[in-house]
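Just below is one structure, and these are the notes that go with it.
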């Protein structure tokens, strides 16, 4: 079995660039954020706010990222990766162009169609999977410390 | 200070669709420099460990578990007046590492075992009516099949086909039997002399024609053999023989008859010289056959005895390879064991690692020896 790895079309218009605040992470369309532990969420999380990320540029030019999640503040750092990472995304290929649709049987029964259908879909499944290299990444943001609670901000947060 | 909002995606994104792949420097350069598709692919059957192949290299893919979680985050188009937003696409706990690997080609031998192209049996293929039932059973195995089945890069497969002497006949891969190959080479050497052709510019047409008429060797077979053992100038129809390769193969052909009963070194060299003829006798040297023979001192005379012990027939799994080697001999000289390991190691560093893992080194006044690690 062969799974091809494909390169994306150069500068595809659909992918927005990183916001200017994150410009120091590079020009790629994705970035990595490493957390010690997991983000645990209960309930419906779709579209919900996780936290706010700031990168402080004033500090000796290195950039100091902070992440505020609820009443917790995480301090992190920007780390250059020893080896670049490729971010792969599984692509379920768009259904291949139908091979010359068979003329619809008018008078005959539809058995022929039913027989062909499952075979076709099976073959498609086989060839469909591929991985696209979305981007190459050289820097990531690591939050390796424990979060510190924020006191006195609750009033501001809720407003 | 500008802030960026991090959000979960609003719509259902199938998680698990992202993977992180650590790139070795050479592969990274390849991806960055390639304008279009660098033809990277992941190969492997359901039972295999997956490998990643470029057009000329093979890498093992290893999964490394991370204790931290890595969020893959992507920006959303900026909305005027709103805050910058980014979306968590996926959360990963695993990284894929690539380790340079030896191409996994051993499966080719097994798959093509029954397809061997043997002298005198070629006609079977043409006799459709008689062979009909038998042929239906043995499936044709083509180059495309090999590219799909074998966990190796395109160039490595092409190289292996040449080294393992695979004929391509009517699109199907057929290994040429070693004895038949030996015969064809001897015939070629003979006809070079009898047709008084120069070995670095021999007429392809004349050679292949006389082999076909006098010895019933198919022309396409002769031509492919010529390509393996030299260069064929298509425009000029001239064959430039690779002397060393031909001499080596002829030597192997003689040696392989002495698997169980060893032959004395002097006798072997004499036979070899006769077989390659006067012109090339000066090229025979045991060095050419490194990795294919064992020598042992003869108990009754001063000469050494040679026996056929081809590296290519040993198992490819390192542990089994070492077990086989140490069953054959209890202890090995360093310079003797290395040829039997070079095909399962990527480089010398890798080879040293294998020796360290599976063998025990001993030094005495004769030099460095290796013995089995576990008894």
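Every read-out reported here was derived from the displayed coordinates using simple, explicitly stated rules and does not represent laboratory data. Since the model is a prediction, treat every value here as computed from it, not as a measurement. Positions of Cβ are backbone-derived with ideal geometry, glycine not excepted, and every protein chain shown enters the neighbour counts.
The fewest-to-most ranking of A:40, B:32 by surrounding Cβ atoms within 10 Å reads A:40, B:32.
Averaging sequence separations of C-alpha pairs under 8 Å and six or more residues apart, then dividing by the length of chain B, give the relative contact order as a whole percent. With pairs under 8 Å counted, the relative contact order is 11 percent. Projected label points at residue B:235 and residue B:48, each 7 Å from Cα along the beta carbon direction, are separated by 3.9 nanometres. Over chain B, with a Gaussian network built from C-alpha contacts below 10 Å, which listed residue (B:95, B:211, B:181) shows the highest mean-square fluctuation? Sorting by GNM fluctuation, first place goes to B:95.
Considering only B:76, B:99, B:247, give the residue with the highest GNM mean-square fluctuation for chain B, with springs between Cα atoms whenever their separation is below 10 Å. In this elastic network of chain B, the residue with the biggest mean-square fluctuation among B:76, B:99, B:247 is B:76. Put in order of Cβ neighbour count within 10 Å, fewest first, the listed residues B:106, A:46 become A:46, B:106.
The fewest-to-most ranking of B:190, B:41 by surrounding Cβ atoms within 10 Å reads B:190, B:41. Using a cutoff of 8 angstrom between alpha carbon atoms and counting only pairs six or more residues apart, the relative contact order for region B:4-101 works out to 39 percent.
Hey, for a label at residue A:71 modelled as a point 7 Å past Cα toward Cβ, could you say which residues of region A:33-51 have their backbone N under 20 Å away? Of the residues in region A:33-51, A:39-43, A:49-51 have backbone N under 20 Å from the label point off residue A:71.
In this rough spin-label picture, where each label sits 7 Å from Cα along the Cβ direction, the residue A:39-residue B:245 distance is 5.8 nm.
For chain B, adding -39500 (n - 2.57) for each run of n ≥ 4 DSSP H residues and dividing by the number of residues yields -10500 deg cm²/dmol at 222 nm. With respect to chain B, whose longest principal axis is taken over its alpha-carbon atoms, helix B:128-137 is tilted by about 40°.
Is the shape of region B:106-243 best called rounded, prolate or oblate, per the rule: a/c under 1.5 gives rounded, else a/b larger than b/c gives prolate, else oblate, with a ≥ b ≥ c the square roots of the Cα gyration tensor eigenvalues? Because a/c hits 1.5 or more and a/b fails to exceed b/c, region B:106-243 counts as oblate. Here the simple spin-label model places points 7 Å from the Cα toward Cβ, and for residue B:109 and residue B:214 these points are separated by 3.5 nm. Among B:164, B:365, B:259, the largest mean-square fluctuation in a Gaussian network model of chain B (Cα springs under 10 Å) belongs to B:365.
Taken residue by residue and averaged, Cβ atoms of other chains lying within 10 Å of the Cβ of A:39-45 number 2.
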